[in-house]
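A quick write-up on the structure given underneath.
Computed from the coordinates by the stated procedures, all read-outs in this text should not be read as laboratory data. Values in this document were obtained by computation on a predicted structure and should not be read as measured data. For neighbour counting, all protein chains shown are included, and Cβ atoms are generated from backbone atoms with ideal geometry for every residue, glycine included.
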Amino acid sequence: MKQLVYILILVPLFSFAEIYKWKDASGRVHYGDSPGSKENAEQIVLDDDSYEHVTYDDGTAYDRGSTQRVVMYSTSWCGYCKKARKYFQQEKIHYVEYDIEKDERARRLYDMIGGKGVPVILVGKKRLNGFSVAGFERIFN
């Protein structure tokens, strides 16, 4: 059991590793989490602007009566939640945010609507799992 706990603690740490690209003396290109030589290594920044698993539904199970109220179930560490917050602020879209890790009631509501990942964004009777500008505009407009 202790081994499982250690694995669950350590695995997320590896997901934040940096990626480097460098050429060796023979001119071959290498990629890794530590540079072969610091002089000719280049840090790679991954672009995560896409969310491949965005889903939609009509939201009949969790309609609270308002047609344009924007509600977001989120966490503080979620990159897509941060993108949604930034987009809402830029577009001056009023929204209510519930952090499912800090608010027990929010977690219960999130579980009631069948939340599986974050963010879950509700607009009236419509739902967006994940975040993309095009996906949000589809349910908002």
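What ³J(HN,Hα) values, in whole Hz, does the Karplus curve 6.51 cos²θ - 1.76 cosθ + 1.60 give for the range 121-133 when θ = phi - 60°, with x put for Gly and Pro?
Each residue's phi maps through the Karplus curve to give 10, 10, 10, x, 8, 9, 9, 10, 9, x, 8, 8, 4 Hz.
Students often check this: by mean Cβ neighbours within 10 Å, which of 24-30, 90-96, 104-110, 77-83 ranks highest, and how do the rest follow?
Those peptides, ordered most packed to least, come out 77-83, 104-110, 90-96, 24-30.
At 7 Å along Cα-to-Cβ for each site, give me the label-to-label distance between K82 and D24 in nm.
Spacing of the two 7 Å Cα→Cβ label points: 3.5 nm.
First measure r as the distance between the Cβ atoms of N141 and Y31, then evaluate 1/(1 + (r/R0)^6) with R0 = 25 Å and state the FRET efficiency to the nearest 0.05.
The computed FRET efficiency comes out at 0.05.
Taking square-rooted eigenvalues a ≥ b ≥ c of the alpha carbon gyration tensor, is the range 99-140 rounded, prolate or oblate, where a/c under 1.5 means rounded and, failing that, a/b exceeding b/c means prolate?
It is prolate, given that a/c is not under 1.5 and a/b is the larger ratio.
Over 31 Å between Cα atoms: which of K102/K125; K83/K125; K23/K82; K21/K82 fall into that group?
Going by Cα-Cα distance, K23/K82 fall outside the 31 Å limit.
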